Amino acid sequence: VACNCQHSDITEEFARWICVFPITVKNYVRPVLTKSCDRRREIGPLLNDVDANEVLSCEFSPIYVLNRLRVLATRVASIPSSSSATSPQMGALLYHDLNLQINALTGAWGAMERINSTPLPFVYVVHLRTFLVIYLVLWHMESIAAVGTISLLPLFAASWALLGIEAAAVECERPFRAHTNHLPLGKMCVVVSKNVAQT
């Protein structure tokens with residue numbers, strides 16, 4: 001893309017839409033939690049108001065952005081190069097390479113969507129919690145009867161550890177929320193934008 005300097009407006013638009021893609025994925029997998037969340041401000045100057053409103057109004061905004069990237073890939077690949085003899089072949093190679101990268105973005109978004117919409121089976125969660133609590137209650141009763149109250153501190157520490165493992169499994173079920181233990185998607189969007197700006 002960078003070799004066609006005379007058509008920098010198309011390449012700049014392509015780069016802007018690349019930067020918008022992780023923002024739309026973040027907004028898709030992470031629901032709005034508060035009214036103070038300004039998703040238009042997240043996009044910032046990357047898109048004009050018309051494009052930004054279209055992106056924000058789409059139910060599946062990542063698909064909309066991927067579609068725009070494919071259209072732009074066609075435009076970028078059809079830019080004539082300096083040597084007209086190899087222009088069609090080079091354009092086809094460029095289009096193929098750009099589409100491979102867009103397909104990789106599509107696959108990454110699809111994987112995130114599958115992770116986000118596949119909860120732990122309800123039976124698994126209920127079974128694990130029920131038998132873990134029964135085991136811990138019986139273990140406490142048996143230890144207190146055998147050793148006395150001196151066993152309470154180690155029992156509480158072991159119980160806290162076992163219940164923490166179960167709680168961590170539930171937290172990992174949906175790793176894209178905006179809680180402390182979840183993936184920092186906002187930081188990832190900033191890193192992608194900085195990387196695209198450097199190229």
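The values are calculated or read from the model by the stated rules, or taken from the named source; none is laboratory data. No experiment lies behind these values; they were computed from the predicted model shown. We place every Cβ from the backbone using ideal geometry, glycine too, and count neighbours over all the protein chains shown. We work out accessible area using only protein heavy atoms, side chains counted, and drop any ligands, DNA or RNA first. Shrake-Rupley method; radii C 1.70, N 1.55, O 1.52, S 1.80 Å.
Listing for the model above:
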{"read-out": "Residue within the range 126-134 that is loosely packed, with under 10 Cβ neighbours inside 10 Å and either under 12 Å from the mean Cα position of the chain (by Cα) or among the aromatic types (Phe, Trp, Tyr) (or both) present", "value": "no"}
{"read-out": "Condition check for ARG75: within 14 Å of PHE14 (Cα to Cα) and open to solvent by 90 Å² or more (accessible area, probe 1.4 Å)", "value": "yes"}
{"read-out": "Odd one out for SER57 among (1) small (Gly, Ala, Ser); (2) free of Cβ contacts under 8 Å to residues at least 24 places away in the same chain; (3) under 21 Å from ASP9 (Cβ atoms)", "value": "(3)"}
{"read-out": "Pair list, Cβ < 7 Å and 6+ apart or interchain, from the range 163-180 residues that are free of Cβ contacts under 8 Å to residues at least 24 places away in the same chain to residues that are surrounded by fewer than 14 Cβ atoms within 10 Å (Cβ to Cβ) and assigned to a loop (DSSP other than H, G, I, E, B)", "value": "GLU171/ASN181"}
{"read-out": "Criterion violated by SER83 - all others in (1) at pLDDT below 85; (2) more than 19 Å from SER8 (Cα to Cα) satisfied", "value": "(2)"}
{"read-out": "Identity of the residue in the range 86-105, small (Gly, Ala, Ser) and surrounded by 13 or more Cβ atoms within 10 Å (Cβ to Cβ), that ends up modelled with the lowest pLDDT", "value": "SER87"}
{"read-out": "Residues being within 30 Å of VAL20 (Cα to Cα) and not in a helix (DSSP H, G or I) - total across the range 85-137", "value": "3"}
{"read-out": "Matching residues in the range 39-70 - criterion: being open to solvent by less than 50 Å² (accessible area, probe 1.4 Å) and part of a loop (DSSP other than H, G, I, E, B)", "value": "LEU47, CYS58"}
{"read-out": "Qualifying residue in the range 21-32 (condition: under 27 Å from ASP97 (Cα atoms), part of a helix (DSSP H, G or I), among the polar types (S, T, N, Q) and at pLDDT 90 or above)", "value": "yes"}
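Table: residues versus (1) on the phi < 0 side of the Ramachandran plot; (2) touching a residue at least 24 places away in the same chain (Cβ under 8 Å); (3) in contact with a Cys (Cβ under 9 Å, 6 or more places away or on another chain).
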residue	(1), (2), (3)
ASP38	yes, no, no
LEU46	yes, yes, yes
ASP51	yes, no, no
TRP109	yes, yes, no
VAL123	yes, no, no
TRP139	yes, no, no
